Amino acid sequence: MKYFFSLLGIFLLILPATSFAKISSTNELIAAMQEKYGKSWYKTATFVQETTNIQPDGTSKVETWYEAMSVPGRLRIDFTPTTEGNGILFTDGKIFVFKNGKVENTRPFDHPLLILGFDIYRLPGSEVTAKLQALKFDLSQFREDTWQGKPVYVVGAKAGDLHSPQFWIDQKNLYFVRMLRPAGKDGAQTQETQFNKYQKLGGGWIAPEVIFMVDGKVVTTEKYSEIRGDVDLDPKLFDPQFWTTVHWKQ
């Protein structure tokens, strides 16, 4: 018995201190996420997305999108057929909307799902914090809760508040699972996004099911297939000038 406790003592001594560190603030959470995946999270990914938009009358429209990602901060969405040149590009803190191969409009935009689901592992912590604050998440609000039967960290809202800007992070795997924010012209509605059914991808994770809801009703679902991580991608894919000349999937 004494030998057993001696081995246990040695085991406890050699474990990293972070194994027992309790996360009690947003800054500690971001640091823990980056420590866990900062060196392993994939830098690029591609997938085919089946997008289902549900209309108010209950009918639905299904589209296929081709998506390519470069972490941090870049996401390209090509609507099919790609020969028509329609899609959306997120890059360098801006959104570009393309129609018939030309930029229809552009404006500054930081995609919250890109930041929370992917960029958070590849950006400096101070930059992550600044971007989240700009998106109106109250980073001083931090608590623990349960989501889909699993413990989570919640940033941005007190218990019982399911309307204020907030994001939920799985405690065990430290990945993003849920976001709620005010929506609508007057902010009276609540928009919810869920990242579900996570699976391993390279040294990180990806959620092949994404659900968008407004006031508790599903309005859009996304299902990913042909998922690949750390693929070689031409940087021109994320340059608006080359929208119609470079594609990763025809």
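Cβ-Cβ contacts under 6 Å between residues 6 or more apart (or on different chains), taken from a first residue in the range 175-186 that is under 17 Å from His111 (Cβ atoms) to a second residue that is open to solvent by less than 20 Å² (accessible area, probe 1.4 Å) and among the small types (Gly, Ala, Ser), are listed as Phe176/Gly117. Residues in the range 196-238 that are touching an Asp or Glu at 6+ places or on another chain (Cβ under 6 Å), over 19 Å from Lys249 (Cβ atoms) and in a strand (DSSP E or B): Asn196, Val210, Met213. Residues that are closer than 17 Å to Val210 by Cβ and β-branched (Val, Ile, Thr) were ranked within the range 75-112; the one that is least open to solvent (accessible area, probe 1.4 Å) is Ile77. Is it fair to say Asp145 is under 28 Å from Asp230 (Cα atoms), open to solvent by 30 Å² or more (accessible area, probe 1.4 Å) and touching a residue at least 12 places away in the same chain (Cβ under 8 Å)? Against the criterion (under 28 Å from Asp230 (Cα atoms), open to solvent by 30 Å² or more (accessible area, probe 1.4 Å) and touching a residue at least 12 places away in the same chain (Cβ under 8 Å)), Asp145 does not qualify. Restricting attention to the range 148-168, and to residues there that are open to solvent by less than 60 Å² (accessible area, probe 1.4 Å), part of a strand (DSSP E or B) and not β-branched (Val, Ile, Thr), which single residue is nearest to Ala21 (Cα to Cα)? Here the answer is Tyr153. Is it the case that some residue within the range 51-74 is more than 18 Å from Thr220 (Cβ to Cβ), among the charged types (D, E, K, R) and crowded, with 17+ Cβ neighbours inside 10 Å? Yes, the range 51-74 has at least one match.
Among the numbered conditions (1) of a type in the set (S, T, N, Q); (2) within 29 Å of Pro124 (Cβ to Cβ); (3) modelled with pLDDT of 95 or more, the only one that Asn53 does not meet is (2). Quick one: would you say Asp119 is open to solvent by less than 20 Å² (accessible area, probe 1.4 Å), in contact (Cβ under 8 Å) with a residue 40 or more places away in the chain and touching a Pro at 6+ places or on another chain (Cβ under 9 Å)? Answer is yes for this residue. Apart from one condition, Ala134 fits all of (1) over 20 Å from Arg178 (Cα atoms); (2) open to solvent by 70 Å² or more (accessible area, probe 1.4 Å); the exception is (1). Is it the case that the range 169-189 has a residue that's in a strand (DSSP E or B) and loosely packed, with under 15 Cβ neighbours inside 10 Å? Scanning the range 169-189 turns up at least one residue that is in a strand (DSSP E or B) and loosely packed, with under 15 Cβ neighbours inside 10 Å.
The values are calculated or read from the model by the stated rules, or taken from the named source; none is laboratory data. What you are looking at is a predicted structure, and each value in this text was computed from that prediction instead of being measured. Quick reminder, even Gly has a Cβ in these numbers, built from the backbone with ideal geometry, and neighbours come from all protein chains shown. Quick note on the areas: whole protein, heavy atoms, side chains included, nothing else; ligands and nucleic acids left out. Shrake-Rupley method; radii C 1.70, N 1.55, O 1.52, S 1.80 Å.
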